[in-house]
Amino acid sequence: SALVRAVDALGNNGAVSTAVNWTSIDDLCQQPSPNPGTLCADGTYYLGTLGGYKYKTTPGNCTDSATPMCNNQADSLTKTWGTFGVATGKTSSTDGTGNTTALAGYGDTYAAKYCENMIYAGLSDWFLPAKDELNLFWTPMTLAQRTTIGINTSFYWSSTEGSGNTAWYQRFSDGYQDTSLKYSDSSVRCVRRY
């Protein structure tokens, strides 16, 4: 059991409310094999593992802000990938952190910059997931788990580039992954790994 400060789990980024309570709770996300979709003590959700890392995500429907509020409804925020006509070379399907950091250096990479600049649950190491990391929202998660954490059935950007004109996305009505034109609007969900 961990000692944690009771904060607003909907995204006040560690801001203390008028009543400060210290509570001893078990953080199921620190267990060896939590279930995908498990609500963590910090208000984030556990996704799964990939390459020896555990992954978490924010609740659904976060506002367009560096310190977003998230109401755990279906995502509605969309952004363009950016850099249309420019090959960035960020083609890793498993290193969203590296992709996002590099992409944030470009002027119009709105999806990556949103995650790179995010501070949620007191954490600033959020990133736009690479293609294989984004797939953690599909496998091993069920439809009920995706719905619980606010994943809608539309297209979500990954941080994996396809070409100078395209980037990889995933459609959550059927799990299909493909490339789309970088100037298209798609949903964005940030993740972190630990």
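The values are calculated or read from the model by the stated rules, or taken from the named source; none is laboratory data. Since the structure is predicted, the reported quantities are computational estimates derived from the model, not experimental observations. Don't worry about glycine lacking a Cβ; one is built from the backbone with ideal geometry, like all the others, and counts go over all protein chains shown.
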(request) All but one of (1) free of Cβ contacts under 8 Å to residues at least 24 places away in the same chain; (2) buried (at least 21 other Cβ atoms within 10 Å of the Cβ) hold for Trp126, so report the exception by its number. (result) (1)
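Every residue in the range 66-79 that is among the hydroxyl-bearing types (Ser, Thr, Tyr) and under 15 Å from Gly122 (Cα atoms), please.
Thr67
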(message) Which numbered condition in (1) at pLDDT below 95; (2) under 15 Å from Ala167 (Cα atoms); (3) not small (Gly, Ala, Ser) is the only one that Asn72 fails?
(response) (2)
(request) Hey, could you check the range 41-88 for residues that are of a type in the set (A, V, I, L, M, F, W, C) and either touching a strand residue (DSSP E or B) at 6+ places or on another chain (Cβ under 6 Å) or not in a loop (DSSP other than H, G, I, E, B) (or both) and say which is nearest to Thr147 (Cα to Cα)? (result) Leu47
(request) Run down Thr63, Thr88, Thr57 and say which single residue is over 20 Å from Gly122 (Cβ atoms) and either at pLDDT below 95 or not hydrophobic (A, V, I, L, M, F, W, C) (or both). (result) Thr88
(message) Filter the range 147-185 down to the residues that are farther than 22 Å from Asp95 by Cα and buried (at least 19 other Cβ atoms within 10 Å of the Cβ) and list them by number.
(response) Ile149, Gly150
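Mind listing whichever residues of the range 100-113 are crowded, with 23+ Cβ neighbours inside 10 Å and either under 14 Å from the mean Cα position of the chain (by Cα) or closer than 22 Å to Tyr46 by Cα (or both)? First the steps, then the outcome.
Residues of the range 100-113 crowded, with 23+ Cβ neighbours inside 10 Å: 100, 103, 109, 111-112.
The answer is Thr100, Ala111, Ala112.
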(request) Output the number of the condition that Gly107 fails; it satisfies all remaining conditions of (1) modelled with pLDDT under 95; (2) more than 20 Å from Arg171 (Cα to Cα); (3) in contact with a strand residue (DSSP E or B) (Cβ under 8 Å, 6 or more places away or on another chain). (result) (3)
(request) With the condition kept exactly as written, say whether any residue in the range 151-165 is of a type in the set (Val, Ile, Thr), over 21 Å from Ala87 (Cβ atoms), touching a Ser or Thr at 6+ places or on another chain (Cβ under 7 Å) and in contact (Cβ under 8 Å) with a residue 60 or more places away in the chain. (result) no
(message) Any residue in the range 182-194 that is more than 11 Å from Thr57 (Cα to Cα) and at pLDDT 95 or above sitting within a Cβ distance under 8 Å of a residue that is in a loop (DSSP other than H, G, I, E, B) and of a type in the set (Phe, Trp, Tyr)? List the pairs, counting only those 6 or more apart or interchain.
(response) Lys182/Trp81; Lys182/Phe84; Tyr183/Trp81; Tyr183/Phe84; Ser184/Trp81; Ser186/Trp81
